[in-house]
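Enquirer: Quick one: structure below, then a few questions.
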Amino acid sequence: MITLADSKRIIAAAERKAESIGQPINIGVVDGGSLAARVRMDGGWAHWLVGGCIALFAGSTLLGQQVQFQGSVPTGVASPTPLSLTLRDAIDRGLRTNLGLLFSGQVSEAARGERLRSLSALLPQVNGEVSENVEQIDLKTRGIDFHLPGFSTPTIVSPFHYTDARAYASFSVFDYGLRKNYRAAKEGERAAQLSFKDARDLVVQSVANAYLLVIAGSSRVRALRAQVETDQAIYDRTADQKHAGTTAAIDVLRAHVELQQQQQQLIVQVNQVAKDKLALGRVIGLPAGQQVAIADTEPYSALAATTPDEALRTAYEQSADFESVKASVRAAEDSVSAARAERYPNVGVAADYGDVGTTPVSSHGTFTFQAFAKFNVFDGGRISGNIIQARAALKQRRDELADLGGQIDYQVRAALLDIQSAADQVAVARSNLDLANQTLTQAQDRFASGVTDTIEVVQAQGSVAVANDNLISALYAHNLSKVELARALGSTEQRIQKFMEVK
């Protein structure tokens, strides 16, 4: 995954390169950390900077996520043959091994345990005890001291023993605080379950982002290899023409420089794709050393028309994160009621029944029954303090819910805008790439005919490179925006399958 430090390094490198060749570049942070760049450059370095911006855009979507969602528990043994992965396969693996989801599952289990413990306080408590007792008593310590004239009364009762088998039971007949604590724990468990569901959505988003980043990088590798092949052919032709005496040596040097620049960029991009595959493997728990082959190509399909109001209505109804925070609000409300209920009286009963005697044959049944009512008289402000704390927690949960509602509104509207903008960019980029290829073909023909030199060909090659990068960037941005929309709407796994047409 691209970290914030990686993003800063890419920005710094881009700015240094722009400064070194005297060309303007403007890179700014927008939309919660995403990066936008305006590049006005000639030659091959333009598409290097566009490629850097693609990596920055990929990394910015993950900066706000928790670190554990970028890790996993590796499973299996590495195979000597590359593992072919579709997006569907990658998502399935991520949902089984991602560390963030595993942690969230444990939190959900802990909330379930808390609910069961709160329920236990409302149910009858029954336990048994069997004891063998040996005692020696000093009667004086019990207030028994006889003084009879002429008689010597013992003050120590010799050791004696008895067996006691007894069952104890207690039950809270009415305790409003316990009932509210149970309801709060129940809502807390629901919030944890919904948080676990939201964690699944986060895993799907992380896996999809990592997978799409590899696809975009692989597309750049293919484009750069095509450019290297074209540059090699031009260099070979230029060298042949120089030997024939029909072109100048400067044209050979210019073609050679362009070829090596493209080769250098190809080496860098191949290395970056390899690292992106490693990052994908970390997210989905691949065994160490497992090679990966991406089975899917860059997906592109127009999103069905939907209005922001329809999308927001769906998001508020189906977002697990939003429902989880609402459950937390309800739990906090019950906690306030439970704190207030500490002032209310509570009623309960307790009883025991057992068999006691020196031997089992001579034992007798005994029992105790007690009904009680407890109420607070003076607590020194403890209950008031508990109420104040519970109210503060409730206010915090309500503020979080309001903020999350606004965040969902922003995410949905921004994703829809980005999808439309990226779709328009794809259309323009495809047209521009077609025009750039036509320009390159004509420049090559003119050079072959001796009408022009290699400057025109190099410039046309640069235009093709930039057009290729613009198309790759637009396709990647379009798909990434779909992932963001799926995450904002909820049920991310199913929606990505629908948006990306993953079967």
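The values are calculated or read from the model by the stated rules, or taken from the named source; none is laboratory data. In this text the structure is predicted, and so the values were computed from the model without any measurement. Note that each Cβ is placed from the backbone with ideal geometry, even for glycine, and that neighbours are counted across all protein chains shown. To get the accessible areas, we keep the full protein, side chains included, count just its heavy atoms, and leave off ligands, DNA and RNA. Shrake-Rupley method; radii C 1.70, N 1.55, O 1.52, S 1.80 Å.
Enquirer: Do any residues in the stretch 251-279 that are at positive phi have Cβ atoms under 9 Å from those of residues that are open to solvent by 60 Å² or more (accessible area, probe 1.4 Å) and of a type outside the set (A, V, I, L, M), where the two are at least six apart or on different chains, and which pairs are they?
Expert: none
Enquirer: What do you reckon, is Ala341 among the hydrophobic types (A, V, I, L, M, F, W, C), under 30 Å from Ser324 (Cα atoms), in contact (Cβ under 8 Å) with a residue 12 or more places away in the chain and open to solvent by less than 40 Å² (accessible area, probe 1.4 Å)?
Expert: Values: among the hydrophobic types (A, V, I, L, M, F, W, C): yes; under 30 Å from Ser324 (Cα atoms): yes; in contact (Cβ under 8 Å) with a residue 12 or more places away in the chain: yes; open to solvent by less than 40 Å² (accessible area, probe 1.4 Å): yes.
So Ala341 passes the test.
Enquirer: If you don't mind, there's one more thing I want to ask. What's the number of the only condition in (1) within 30 Å of Val252 (Cα to Cα); (2) free of Cβ contacts under 8 Å to residues at least 24 places away in the same chain; (3) open to solvent by less than 50 Å² (accessible area, probe 1.4 Å); (4) not basic (Lys, Arg) that Asp469 fails to meet?
Expert: Of everything listed in (1) within 30 Å of Val252 (Cα to Cα); (2) free of Cβ contacts under 8 Å to residues at least 24 places away in the same chain; (3) open to solvent by less than 50 Å² (accessible area, probe 1.4 Å); (4) not basic (Lys, Arg), Asp469 misses just condition (2).
Enquirer: So which residues in the stretch 353-379 are over 12 Å from Asp164 (Cα atoms), part of a strand (DSSP E or B) and either touching a residue at least 24 places away in the same chain (Cβ under 8 Å) or of a type outside the set (S, T, N, Q) (or both)?
Expert: The answer is Phe369, Ala371, Phe372, Ala373, Lys374.
Enquirer: Take Lys482 and tell me if it is open to solvent by less than 10 Å² (accessible area, probe 1.4 Å), within 17 Å of Thr314 (Cβ to Cβ) and of a type in the set (D, E, K, R).
Expert: On the way: open to solvent by less than 10 Å² (accessible area, probe 1.4 Å): yes; within 17 Å of Thr314 (Cβ to Cβ): yes; of a type in the set (D, E, K, R): yes.
Answer is yes for this residue.
Enquirer: Could I ask something else about it? Which one of Ala415, Ala371 is in contact with a strand residue (DSSP E or B) (Cβ under 8 Å, 6 or more places away or on another chain) and modelled with pLDDT of 90 or more?
Expert: On the way: Ala415 fails: in contact with a strand residue (DSSP E or B) (Cβ under 8 Å, 6 or more places away or on another chain).
Going through Ala415, Ala371 in turn, just one is in contact with a strand residue (DSSP E or B) (Cβ under 8 Å, 6 or more places away or on another chain) and modelled with pLDDT of 90 or more: Ala371.
Enquirer: Return a yes/no flag: does the stretch 383-399 have any residue that is closer than 16 Å to Ser324 by Cβ, open to solvent by 50 Å² or more (accessible area, probe 1.4 Å), of a type in the set (Asp, Glu) and in contact (Cβ under 8 Å) with a residue 60 or more places away in the chain.
Expert: Within the stretch 383-399, none of the residues are closer than 16 Å to Ser324 by Cβ, open to solvent by 50 Å² or more (accessible area, probe 1.4 Å), of a type in the set (Asp, Glu) and in contact (Cβ under 8 Å) with a residue 60 or more places away in the chain.
Enquirer: Next question. Can you pull out every residue in the stretch 194-217 that is of a type in the set (Ser, Thr, Tyr) and open to solvent by 20 Å² or more (accessible area, probe 1.4 Å)? Step through it out loud before you land on a result.
Expert: Of all residues in the stretch 194-217, those of a type in the set (Ser, Thr, Tyr) come to 195, 206, 211.
The one that is of a type in the set (Ser, Thr, Tyr) and open to solvent by 20 Å² or more (accessible area, probe 1.4 Å): Ser195.
For (1) modelled with pLDDT of 90 or more; (2) open to solvent by 50 Å² or more (accessible area, probe 1.4 Å); (3) not β-branched (Val, Ile, Thr), each residue gets a yes or a no:
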{"residue": "Asp175", "(1), (2), (3)": "yes, no, yes"}
{"residue": "Arg179", "(1), (2), (3)": "yes, yes, yes"}
{"residue": "Ala192", "(1), (2), (3)": "yes, no, yes"}
{"residue": "Ile250", "(1), (2), (3)": "no, yes, no"}
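Enquirer: Quick check, is Glu229 without any contact (Cβ under 8 Å) to a residue 40 or more places away in the chain and among the charged types (D, E, K, R)? Before you say what the answer is, go through the steps one by one.
Expert: Numbers: without any contact (Cβ under 8 Å) to a residue 40 or more places away in the chain: yes; among the charged types (D, E, K, R): yes.
For Glu229, the condition - without any contact (Cβ under 8 Å) to a residue 40 or more places away in the chain and among the charged types (D, E, K, R) - is met.
Enquirer: Quick one: in the stretch 66-87, of everything that is crowded, with 16+ Cβ neighbours inside 10 Å and either of a type outside the set (S, T, N, Q) or under 11 Å from the mean Cα position of the chain (by Cα) (or both), which residue is nearest to Gln291 (Cα to Cα)?
Expert: Of all residues in the stretch 66-87, those crowded, with 16+ Cβ neighbours inside 10 Å come to 68-72, 74, 83, 85, 87.
Those left that are additionally either of a type outside the set (S, T, N, Q) or under 11 Å from the mean Cα position of the chain (by Cα) (or both): 68-71, 74, 83, 85, 87.
Working: Gln68: 23, Phe69: 21, Gln70: 19, Gly71: 18, Pro74: 14, Leu83: 6, Leu85: 10, Leu87: 16 Å.
Selected residue: Leu83.
Enquirer: Oh, and also: Just to check your reading of the model, which residue among Leu433, Leu489 is of a type in the set (A, V, I, L, M), under 40 Å from the mean Cα position of the chain (by Cα) and surrounded by fewer than 22 Cβ atoms within 10 Å (Cβ to Cβ)?
Expert: Leu433
Enquirer: Would it be correct to say that Asn437 is assigned to a loop (DSSP other than H, G, I, E, B) and more than 30 Å from Ala488 (Cβ to Cβ)? So that I can check it myself, show each step before the final result.
Expert: Working: assigned to a loop (DSSP other than H, G, I, E, B): no; more than 30 Å from Ala488 (Cβ to Cβ): yes.
For Asn437, the condition - assigned to a loop (DSSP other than H, G, I, E, B) and more than 30 Å from Ala488 (Cβ to Cβ) - is not met.
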